[in-house]
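**Student:** Quick one: this structure, given as structure tokens, is what I'll be asking you about.
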Amino acid sequence: MRYAMAIDTKKCVGCSDCVVACQTENDVPIGYCRDWVVEVMDGTYPQLEMELRSERCNHCENSPCVRCCPTGASHYSEGGTVLVTKNECIGCSACITSCPYDARFVHPEGYVDKCTFCIHRVKKGMQPACVAVCPTKCMYFGDLDDPRSEVSQILKKRKSKTLIPEAGTKPHLYFLI
Amino acid sequence: MREEIIISGRNNPLIDPQLHVWHWEIPTYLFLGGLAAGLMFFAALYTIRNKENEYKTAVQIAPMLAPIALMLGLVALFLDLHHKLYFWRLYTTIRLESPMSWGAWTLMVVTPISMIWTAMHIKEVFPRWNWKFDVIEELIEFFKKNKKTIAWIMLISSVILGIYTGILFSAFNARPLWNTSILGPLFLASGLSAGAAVVIWMSKNHAERKRFAQLDLMIIGIELFLIIHMFMGFLASTQVQIDAANLFLGGAYTAPFWIFVVLLGMIVPAILEGMELKGYKIPVAIPVVLVLFGSVMLRFLISNAGQASRWLY
């Protein structure tokens with residue numbers, strides 16, 4: 001099982017509902033976030049191109065954060081998700097500096113926090129909060145190993161990219177372009 | 001033209017607008033650790049080569065600073081942790097892929113050894129020192145009998161400590177400036193140079209001072225060689241590493257790096273030490289303080305500039 005997420009940059013309107021849903025679902029402290037929306041404007045007027053991306057932890061297959069964690073608090077879990085065990089984390093910030101996507105932050109309680117792909121919801125058969133709440137239905141979540149899953153289907157049909165594949169992290173967050 | 005705006009939510013403190021999770025604690029520790037590694041390296045080296053009496057300061061007196069430096073460094077490391085009460089988690093596991101785990105375990109070996117070495121030689125500095133308990137005296141006698149073995153352990157562990165202070169940085173995928181294994185030998189050389197400088201400062205023996213001035217000159221040469229190679233490597237690499245190198249070649253860190261680290265921390269003390277070897281009278285404190293200052297600055301600048309460098313996407 002390999003969980004992955006595909007996000008349609010053509011359908012996303014940048015409303016930030018995913019951000020708020022995540023903050024509510026995961027009780028993210030005020031002033032922090034596990035996902036965020038980036039707006040990239042490319043080109044010179046009048047030839048402009050805009051891309052909206054809802055970004056979060058890429059749950060990489062070759063995670064620098066898991067590699068550099070001195071205590072094993074950062075680890076691979078069910079379906080390839082990358083998680084942090086609160087009570088093993090010493091808050092050394094090594095994983096934060098090692099993440100090319102800057103997806104991690106220090107929770108005010110001291111441990112390092114990040115997106116979990118809402119694994120607690122997924123285990124119950126639900127979608128991650130951000131996916132479930134998206135008003136344009138531009139996010140797809142599922143198992144890459146299952147050819148019938150929503151995410152496998154859409155990745156077969158559409159062109160997609162991952163962020164900085166040259167970093168060698170093998171990210172599991174796809175952007176449909 | 002490319003413009004990137006983060007339109008929502010993303011304002012995680014210490015990450016936006018620029019990553020700054022490591023402050024003064026880490027570079028301070030890296031300096032103190034490197035200094036301790038340098039002091040212990042020379043003490044072990046000259047013990048193994050049976051030159052204890054020729055280089056008394058290097059073997060017996062200067063290494064007494066090592067446990068102090070290590071303990072202050074450990075305090076800095078502890079202050080850096082955000083989840084402080086869980087620090088013992090470092091010692092419930094060995095993770096070969098994580099340089100920080102290597103470092104934690106190396107410190108577990110190096111710190112006690114530096115203390116044993118100090119205990120073995122404390123009567124050289126404080127002749128009336130009394131351990132009060134016979135057990136301790138006997139234990140120290142035992143260590144003294146196995147001095148060579150301890151020196152070998154100290155030699156190897158101090159090299160690991162010195163290299164690890166640089167490798168700690170280079171293992172982080174996300175920071176192009178740190179993604180060079182030259183940081184390991186560079187930080188080791190910088191630590192050895194700092195150690196040699198302290199020996200020069202503390203020694204009252206002319207021959208010893210001369211020997212360590214020669215050593216320091218040689219190490220500074222190696223450091224300059226490594227720095228040039230580091231930039232050559234960056235400039236021949238990918239765009240992100242070219243950008244990282246440009247932080248020091250015209251970017252925000254250019255002036256502090258070339259003036260404080262290279263000029264004041266390496267070239268000026270090298271010239272002064274060279275002049276001293278030629279017979280000019282120069283207050284020994286000047287080159288020594290400059291070398292130590294350069295060594296501190298190197299850590300701070302690499303730490304801060306590394307956090308400013310990133311992948312582009």
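**Student:** Which of the chymotrypsin sites (Phe, Trp or Tyr not before Pro) found in segment B:174-203 are loop residues per DSSP with 15 or fewer other Cβ atoms within 10 Å of their Cβ?
**Tutor:** none
**Student:** Under 28 Å Cα-Cα from B:K84, which lysines qualify once same-chain neighbours fewer than 8 residues away are excluded?
**Tutor:** Cross-link targets: A:K86, A:K114.
**Student:** Tell me which GluC sites (Glu not before Pro) from segment A:74-123 have a DSSP coil assignment and no more than 15 other beta carbons within 10 Å of their own.
**Tutor:** On the way: sites: A:E78, A:E88, A:E109; in loops: A:E109.
Sparse-neighbourhood loop GluC sites (Glu not before Pro): A:E109.
**Student:** Apply the Karplus parameterisation 6.51 cos²θ - 1.76 cosθ + 1.60, with θ equal to phi minus 60°, to every residue of segment B:85-90 and state each ³J(HN,Hα) to the nearest whole Hz, in sequence, with x for glycine and proline.
**Tutor:** 5, 9, 4, 5, 4, 4
**Student:** For chain B, what percent of Cα pairs sit more than 38 Å apart? Numbers along the way, then the final one.
**Tutor:** Working: 9088 of 48828 pairs.
That tail contains 19 percent of the Cα-Cα pairs.
**Student:** Sticking with this structure for a sec: Quick test of the membrane-span-like rule: which DSSP H helices of chain B reach at least 20 Å along their long axis (C-alpha atoms) with mean Kyte hydropathy at least 0.5?
**Tutor:** Both cut-offs are met by B:25-48, B:65-80, B:99-125, B:147-170, B:183-202, B:206-235, B:285-308.
**Student:** To check my understanding: the extent here is largest minus smallest coordinate of the Cα atoms along each principal axis. What are those three numbers for the protein assembly as shown, in Å, largest first?
**Tutor:** That gives 80, 56, 36 Å along the principal axes, largest extent first.
**Student:** Of the listed peptides A:151-164, B:24-37, what is their order by residue-averaged count of other C-beta atoms within 10 Å, with the highest listed first?
**Tutor:** B:24-37, A:151-164
**Student:** With contacts defined as alpha carbon pairs under 8 Å and 6 or more residues apart, what's the relative contact order of chain B in percent?
**Tutor:** Here the relative contact order equals 23 percent.
**Student:** What residue among B:H82, B:A66, B:F172 has its Cα farthest toward the positive end of the dipole of chain B, where the charges are +1 on Lys, Arg and -1 on Asp, Glu, each on the Cβ?
**Tutor:** Final value for the positive-end residue is B:A66.
**Student:** Once every DSSP H run of n ≥ 4 in the protein assembly as shown is given -39500 (n - 2.57) and the sum is divided by its residues, what mean residue ellipticity at 222 nm do you get, rounded to the nearest 500 deg cm²/dmol?
**Tutor:** Numbers: 16 runs with 231 residues, N = 490.
For the protein assembly as shown, the value works out to -15500 deg cm²/dmol.
**Student:** OK, next. What does the net charge come to around A:E61 if you take all other residues with beta carbon closer than 9 Å to its beta carbon, with K and R at +1 and D and E at -1?
**Tutor:** Within the 9 Å Cβ shell, the charges total +2.
**Student:** Within 10 Å, at most 14 other Cβ atoms, and a DSSP state outside H, G, I, E, B define an exposed site. Report the longest part of chain B free of exposed trypsin sites (Lys or Arg not before Pro). Spell out each step's value before the answer.
**Tutor:** Details: sites that count: B:R49, B:R128, B:K132, B:K204, B:K278, B:K281.
The answer is B:50-127.
**Student:** Just checking the output field for B:90-102: average partner chain Cβ neighbours within 10 Å of each residue's Cβ? Walk me through the intermediate numbers first.
**Tutor:** Details: counts 4, 2, 3, 6, 2, 7, 1, 6, 12, 4, 8, 6, 1.
That works out to 5 on average.
**Student:** List the relative contact order of chain A as a percent without decimals, with contacts defined as Cα pairs under 8 Å and 6+ residues apart.
**Tutor:** Details: 341 pairs, mean separation 56.1, N = 177.
Relative CO of chain A lands at 32 percent.
**Student:** Relative to the Cα centre, what is the charge dipole magnitude of chain B, using +1 at the beta carbon of each Lys and Arg, -1 at the beta carbon of each Asp and Glu, and rounding to the nearest 20 debye?
**Tutor:** Working: 24 positive and 19 negative charges, 126 e Å.
So the dipole magnitude of chain B works out to roughly 600 debye.
Quick note: the coordinates plus some simple rules give every number you see, no bench work behind them. It should be emphasised that the depicted structure is a prediction, and the values quoted were computed from it without experimental measurement. Glycine gets a Cβ as well: all are built from the backbone with ideal geometry, and neighbour counts include every protein chain shown.
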